Amino acid sequence: MYVLFLGPPGCGKGTQAQHLAETNSFYQLSTGNLLRAEIEAKTELGQKMETLYASGKLVDGDLVLKMVQKVVASEGAKSILFDGFPRTVNQATAFGSFLQSIDKKFDCVFSFSLADSEILDRISGRMTCADCKAVYHTKTNPPKTEDVCDKCEGKLVKRTDDSRESVKLRLEEYHRETEPLKEFYKKENVVFEIDASQSIEAVSKQISNEIEAISKYKGNKEKTSGTYSRR
Ligand code: AMP
């Protein structure tokens, strides 16, 4: 099963993605995490992307597409959760053709909504484990010990693109480039709307219920006719 998490920065996609990866054995394909790994390892690609990344701008879509195709080719048989890709209509169109060529499609697009004012608040308290990339928040999801990851005891750090200026730019990019994807995928009847102002537990329950419904549908597919339609 292929699912996509679509939503603004700081709306909880990463937290939910991690949860789904742990509970439903999805492979979490986060383009942000892939890029951060390249930047940390100071690879040629990482050095090329670093300035754009830190400013909050989108990086070169063709390079991101190549990175994603490589992962899909190696993880293809597994259920994959796409977190942060596609992020523009161009990326979605190019990736759609690629998926078609391997006889796949998104089974569900979870579309997260959250007011910009709350996003700025949430990102100001966000911390990430430098080792396992688990995400925490000082108020809503604090670690048991300050600045230490509950899962691997790694050090919790702030992302370099989580400054207030960068977040404002990322939100502008989101509204301009990524939000139109909601309409793009609505045409395919695969969009499931998520009110991201709810608690982490409430959102995760909605997601797992929906995944269960899709799994059941896919299991029964041979016996039924017609297309699975979300709304
Ligand atoms: P994220 O961790 O998903 O919030 O992504 C952090 C940053 O990585 C973004 O602000 C972009 O600079 C870059 N990035 C991640 N995914 C993409 C993508 N699909 N296309 C272009 N840039 C991306």
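The values are calculated or read from the model by the stated rules, or taken from the named source; none is laboratory data. Quick caveat, the model's predicted, so the values are computed rather than measured. Counting neighbours? That spans all protein chains shown, and the Cβs are built from the backbone with ideal geometry, glycine included. We work out accessible area using only protein heavy atoms, side chains counted, and drop any ligands, DNA or RNA first. Shrake-Rupley method; radii C 1.70, N 1.55, O 1.52, S 1.80 Å.
Observations on the model:
- Unsatisfied cross-links (Cα-Cα over 19 Å) in the set K70/K104; K13/K104; K105/K216; K13/K70: K13/K104; K13/K70
- With all protein chains in place and a 1.4 Å probe, the accessible surface of the chain carries 51 percent carbon and sulfur.
- Our helix-only sum for the chain, with -39,500 (n - 2.57) per DSSP H run of n ≥ 4 divided by its residues, gives a mean residue ellipticity at 222 nm of -14500 deg cm²/dmol.
- Antiparallel content of DSSP bridges confined to the chain, in %, to 5: 30
- Degrees separating the helix 31-40 axis from the principal Cα axis of the chain, which is the longest one: 40
- Heavy-atom accessible area for K151, with the other protein chains in place and a 1.4 Å probe, reaches approximately 110 Å².
- Taking a Cβ cut-off of under 14 Å around Q47, the surrounding Lys, Arg, Asp and Glu residues balance to a net charge of -2, with basic ones at +1 and acidic ones at -1.
- Rolling a 1.4 Å probe across all protein chains gives E38 an accessible area of roughly 50 Å².
- Alpha-carbon centroids, segment 59-73 and segment 176-215: separation in whole Å: 23
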